[in-house]
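Here it is, the structure, as structure tokens.
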Amino acid sequence: KQEVTQIPAALSVPEGENLVLNCSFTDSAIYNLQWFRQDPGKGLTSLLLIQSSQREQTSGRLNASLDKSSGRSTLYIAASQPGDSATYLCAVRFYKAAGNKLTFGGGTRVLVKP
Amino acid sequence: DGGITQSPKYLFRKEGQNVTLSCEQNLNHDAMYWYRQDPGQGLRLIYYSQIVNDFQKGDIAEGYSVSREKKESFPLTVTSAQKNPTAFYLCASSINGPTAKNIQYFGAGTRLSVL
């Protein structure tokens, strides 16, 4: 079964500390992996998409790595700010999935304390 | 403004009632999706459509129905058969095809509650 897991479910850090968010998936045959941000009661905002052929993607303070062989991705947020407080979701598009289906992890809820 | 519009933002359903959630996109995307999100959980796929007049069941289609009569629109009906409809519903769209660069774009969501 193709599954995506995010641990921990919640994380609290002081402002300025680097954030490290983990995502693991059960099947290495993937098209891509996407990280999203979700603010309370809102939709999803795409942060980064890593194609299966890539090892990492960077955007500003965000860096996402991908290790297909071990079934892991890590999202790094440098020098965290209170505005980074949100839930971060990881989603994978597996080769064998019908249509363009994304399989989501349960998310990590992040609180950055001033 | 290009994007995905979901309406209404909040919706209340009475027992035995069918309700319809609207999703419209002006991104010229062929594929559209409906997801359900329960508190503290990730998203689960209800239905998806890769082309007009065609749609497929996702992982949790029971108690839901959809139509895709226009490329821009993909409404979701929550029927009385769905016994636990309280959730946050998200619509998404993307270009079609299993390319590695295929990104799904999401609407702002509809929160459905049972009266």
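Find all pairs meeting these conditions: Cβ atoms under 7 angstrom apart; at least six residues apart or on different chains; first residue within the stretch A:41-58 and facing chain B (nearest Cβ under 7 Å) and under 23 Å from B:Tyr35 (Cα atoms); second residue open to solvent by 20 Å² or more (accessible area, probe 1.4 Å) and in a loop (DSSP other than H, G, I, E, B).
So the pair list comes out as A:Lys42/B:Ala108; A:Gly43/B:Ala108; A:Ser46/B:Ile103; A:Leu49/B:Ile103; A:Gln51/B:Ala100; A:Gln51/B:Lys101.
Say whether the condition of being open to solvent by 20 Å² or more (accessible area, probe 1.4 Å), at pLDDT below 95, of a type outside the set (D, E, K, R) and under 27 Å from A:Ala86 (Cα atoms) is met by at least one residue in the stretch B:75-85.
yes
Within the stretch B:31-60, take every residue that is open to solvent by 50 Å² or more (accessible area, probe 1.4 Å) and among the acidic types (Asp, Glu) and give me the one that is nearest to A:Phe36 (Cα to Cα).
Of everything passing the filter in the stretch B:31-60, B:Asp59 is nearest to A:Phe36 (Cα to Cα).
Conditions (1) of a type in the set (Phe, Trp, Tyr); (2) farther than 30 Å from B:His29 by Cβ; (3) within 9 Å of chain B (Cβ to nearest Cβ), marked per residue:
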residue: A:Val4; (1), (2), (3): no, no, yes
residue: A:Tyr31; (1), (2), (3): yes, no, yes
residue: A:Tyr88; (1), (2), (3): yes, no, no
residue: A:Phe94; (1), (2), (3): yes, no, no
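Now for a separate question. Say we look at the stretch B:22-46 and pick out the residues that are more than 13 Å from every other protein chain (Cβ to nearest Cβ) and assigned to a strand (DSSP E or B); which of these is farthest from B:Leu115 (Cα to Cα)?
Applying the filter and picking the extreme gives B:Glu24.
Any residue in the stretch A:74-84 that is open to solvent by 20 Å² or more (accessible area, probe 1.4 Å), aliphatic (A, V, I, L, M) and at positive phi?
Scanning the stretch A:74-84, I find at least one residue that is open to solvent by 20 Å² or more (accessible area, probe 1.4 Å), aliphatic (A, V, I, L, M) and at positive phi, so the answer is yes.
Suppose we filter A:Thr26, A:Thr74 for residues that are among the β-branched types (Val, Ile, Thr), within 30 Å of B:Ile60 (Cα to Cα), under 10 Å from the mean Cα position of the chain (by Cα) and away from chain B (no Cβ under 11 Å); which single one remains?
On the way: A:Thr26 fails: under 10 Å from the mean Cα position of the chain (by Cα).
It is A:Thr74.
Any chance the stretch A:90-99 includes a residue that's surrounded by fewer than 16 Cβ atoms within 10 Å (Cβ to Cβ), without any contact (Cβ under 8 Å) to a residue 40 or more places away in the chain and not charged (D, E, K, R)?
The initial filter retains those residues of the stretch A:90-99 that are surrounded by fewer than 16 Cβ atoms within 10 Å (Cβ to Cβ), namely A:95-96, A:98.
When the remaining residues are screened for being without any contact (Cβ under 8 Å) to a residue 40 or more places away in the chain, the result is A:98.
In the following step, the residues that additionally are not charged (D, E, K, R) were identified as A:98.
Yes, the stretch A:90-99 has at least one match.
The values are calculated or read from the model by the stated rules, or taken from the named source; none is laboratory data. Nothing here was measured: the structure is a model prediction, and the numbers come from that model. We place every Cβ from the backbone using ideal geometry, glycine too, and count neighbours over all the protein chains shown. Calculation scope for accessible area: heavy atoms of the full protein, side chains included, ligands and nucleic acids excluded. Shrake-Rupley method; radii C 1.70, N 1.55, O 1.52, S 1.80 Å.
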